[in-house]
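Visitor: Sharing a structure here in structure tokens format.
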Amino acid sequence: MTTDLWEAPLDDQPASMPNRPADPEAEQILAATAMQRPGIVDDLAMQGFDPADMTDDRFRWVWFAVEELSASFKDGEIRYLPVARQLQAWRAEGRIPTVPLTEDQLRELYNHAQPGTEGWYADRITKKAVAARMVAHGHASVLRGNSAAFDPDEDVAAAQAELDGIVRAGSDSETTLVGDLLADVFERAVTPPTNDDKIPTGFIDLDALLCGGWAPGQMVVVGARPAMGKTTFGLGLARAAAIHNNIPTLFESLEMGHAELGNSIVSAEARVALHHIKQGIVGDDAEAIRRMATKAAKIKPAPLHINDEANLSMATLRGRVRNLVRTEGLRLVIVDYLQLMQAPRAESRQVAVSEMSRQLKLLAKEFQITVVVLAQLNRGPEQRTEKKPMVSDLRESGAIEQDADIVILLHREDAYEKESPRAGEADLIVGKHRGGPTATITTAFQGHFARFVDMARV
């Protein structure tokens with residue numbers, strides 16, 4: 001084998017770049033073993049091995065050639081001659097950007113095969129690839145930190161997101177025969193589920209509909225027209241989780257500040273008129289002061305994290321969630337509201353909102369938390385006689401409806417007709433419930449106390 005070819009540099013890295021960790025021996029042995037046992041290509045793929053982790057282009061293209069030829073040679077050796085022909089054909093077509101190994105070099109490479117050890121060598125390559133991504137991330141962080149355009153909020157959040165991607169999720173699961181699922185199905189059918197992993201919503205009938213409350217990995221969309229009480233409802237969900245059930249919760253408010261949110265929380269918990277708190281006249285009511293003091297003792301230790309950053313991006317939110325999941329065991333995130341979030345660059349507003357919706361769903365799945373997103377509806381309800389909202393009224397993107405596991409629409413008749421016989425009532429219209437029933441749940445809206453409550457508590 002031509003020595004200078006084997007020892008040629010892997011790529012033309014800039015001098016400023018740190019050396020990339022690599023394991024040439026493992027790559028050489030794995031490429032050779034693939035020619036002798038082509039079945040390992042599929043076997044290792046099922047275990048999550050990615051040939052892109054091989055740093056030497058020549059060995060990687062040998063792997064790709066074996067992958068291409070394996071359908072014809074699955075039960076036997078491919079050897080080096082068919083691989084050489086495949087590589088030369090690809091080279092002639094312009095598909096290979098580097099000079100591939102020659103037939104003589106492939107013959108020598110073939111002698112390095114070590115059948116039975118491919119899993120071990122694949123792990124060595126994968127570990128080196130993770131190390132390489134770590135080094136690249138560190139170098140990129142240095143450049144980002146030294147940049148005159150450095151933005152602490154955006155750049156730190158982006159670095160955290162990149163760090164999460166350094167270790168790729170493995171793919172070691174295999175297909176399952178449907179018959180193997182039956183035993184678990186029958187066990188679930190006769191065993192009532194527990195609510196250990198559920199988050200209570202604060203509404204008895206809604207919890208019953210959801211089999212105990214919000215579930216991990218769900219994205220819930222709460223839609224309403226302006227002035228229907230989206231923020232009040234969202235705060236109610238946060239209070240039910242954090243204050244009443246000690247569940248770590250993050251409330252992201254893009255519209256209201258800390259002071260307003262604090263007023264609303266105390267008003268709702270202590271049943272003290274919100275406008276009295278704002279006017280500073282609660283001191284005239286000793287009983288109200290007593291209730292506030294009593295509830296303050298319960299509110300103070302609650303794991304309710306509130307952020308009122310007006311310019312919230314997905315990168316910043318993801319970084320904050322990642323930190324709180326790790327340090328506080330975060331389980332519920334409430335965003336108020338979707339259309340106010342900083343949209344990514346896109347060809348249209350609809351595409352941008354669709355991307356944010358998808359990222360919020362992925363956030364829920366990745367961290368196995370519940371993400372409740374408040375969203376504004378278009379003017380559709382106001383153009384209909386009965387004024388009731390529909391799921392299709394979600395503003396700017398149908399992707400919001402598609403990504404959501406649950407869609408709840410808020411409706412109050414007295415918002416349109418002050419003298420309505422249903423004044424003080426609010427409907428929670430569960431318009432979408434993936435894997436469960438839909439329904440309309442009637443609650444009481446106590447705007448003076450900044451809260452929605454079960455009708456039974458009125």
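The values are calculated or read from the model by the stated rules, or taken from the named source; none is laboratory data. Remember, predicted model here, so these are calculated numbers, not experimental data. Using ideal geometry, Cβ is built from the backbone for each residue, glycine included, and neighbour counts are taken over all protein chains shown.
Visitor: Can you tell me which residues in the range 34-53 are within 16 Å of Arg124 (Cβ to Cβ) and polar (S, T, N, Q)?
Guide: The answer is Gln47, and nothing else.
Visitor: Next up: Could you please find all residues in the range 382-433 being in a loop (DSSP other than H, G, I, E, B) and closer than 22 Å to Gly213 by Cβ?
Guide: Ala404, Asp405
Visitor: Next question. Listed residues Leu362, Leu374; which is surrounded by fewer than 17 Cβ atoms within 10 Å (Cβ to Cβ), of a type in the set (A, V, I, L, M, F, W, C) and on the phi < 0 side of the Ramachandran plot?
Guide: Answer to the check: Leu362.
Visitor: List pairs: first residue in the range 24-35 and among the acidic types (Asp, Glu), second residue assigned to a helix (DSSP H, G or I) anywhere in the structure, Cβ distance under 7 angstrom, at least six positions apart or on different chains.
Guide: Qualifying pairs under 7 Å: Glu27/Phe59; Glu27/Ile125.
Visitor: A further question on this structure: Taking Tyr416 and the conditions (1) crowded, with 18+ Cβ neighbours inside 10 Å; (2) in contact with a Lys or Arg (Cβ under 6 Å, 6 or more places away or on another chain), which numbered condition does it fall short on, given that it satisfies the others?
Guide: (1)
Visitor: Among the residues of the range 320-334 satisfying the criterion of being under 25 Å from Asp155 (Cβ atoms) and in contact with a helix residue (DSSP H, G or I) (Cβ under 7 Å, 6 or more places away or on another chain), which is surrounded by the most Cβ atoms within 10 Å (Cβ to Cβ)?
Guide: Applying the filter and picking the extreme gives Val333.
Visitor: Oh, and also: Quick check on the range 112-141: of everything there that is more than 27 Å from the chain's Cα centre (by Cα) and without any contact (Cβ under 8 Å) to a residue 60 or more places away in the chain, which residue is nearest to Tyr80 (Cα to Cα)?
Guide: Within the range 112-141, the match that is nearest to Tyr80 (Cα to Cα) is Gly116.
Visitor: Specify the residue that is modelled with the lowest pLDDT; the eligible residues are those in the range 261-309 that are in a helix (DSSP H, G or I) and out of contact with any helix residue (DSSP H, G or I) (no Cβ under 8 Å at 6 or more places or on another chain).
Guide: Looking at residues that are in a helix (DSSP H, G or I) and out of contact with any helix residue (DSSP H, G or I) (no Cβ under 8 Å at 6 or more places or on another chain), I get Asp284.
Visitor: Can you work out which of the residues in the range 214-228 that are more than 19 Å from Leu360 (Cβ to Cβ) and surrounded by 20 or more Cβ atoms within 10 Å (Cβ to Cβ) is nearest to the chain's Cα centre (by Cα)?
Guide: Arg225
Visitor: Give the range 319-339 a look and list any residue that's of a type in the set (Lys, Arg) and either outside any helix (DSSP H, G or I) or touching a Leu at 6+ places or on another chain (Cβ under 6 Å) (or both), or say none.
Guide: Arg331
Visitor: Does the range 335-353 hold any residues that are closer than 16 Å to Ala157 by Cβ and modelled with pLDDT of 80 or more, and which are they?
Guide: Val335, Met341
Visitor: Okay, moving on. Taking Leu377 as meeting all but one of (1) farther than 17 Å from Glu154 by Cβ; (2) free of Cβ contacts under 8 Å to residues at least 60 places away in the same chain, write down the number of the exception.
Guide: Result: Leu377 fails condition (2) only.
Visitor: Within the range 335-350, work out how many residues are in contact (Cβ under 8 Å) with a residue 12 or more places away in the chain and over 18 Å from Gly234 (Cα atoms).
Guide: 5
Visitor: Which one of these is touching a His at 6+ places or on another chain (Cβ under 8 Å), surrounded by 15 or more Cβ atoms within 10 Å (Cβ to Cβ) and under 27 Å from Leu312 (Cα atoms): Ile406, Ile400?
Guide: Step by step, each of Ile406, Ile400 is checked, and only Ile406 is touching a His at 6+ places or on another chain (Cβ under 8 Å), surrounded by 15 or more Cβ atoms within 10 Å (Cβ to Cβ) and under 27 Å from Leu312 (Cα atoms).
Visitor: Same structure, new question: So which residues in the range 101-111 are buried (at least 18 other Cβ atoms within 10 Å of the Cβ) and either hydrophobic (A, V, I, L, M, F, W, C) or free of Cβ contacts under 8 Å to residues at least 40 places away in the same chain (or both), if there are any at all?
Guide: Within the range 101-111, Leu101, Leu106, Leu109 qualify.
Visitor: Would you say Gln342 is among the polar types (S, T, N, Q), in a helix (DSSP H, G or I) and out of contact with any helix residue (DSSP H, G or I) (no Cβ under 6 Å at 6 or more places or on another chain)?
Guide: No.
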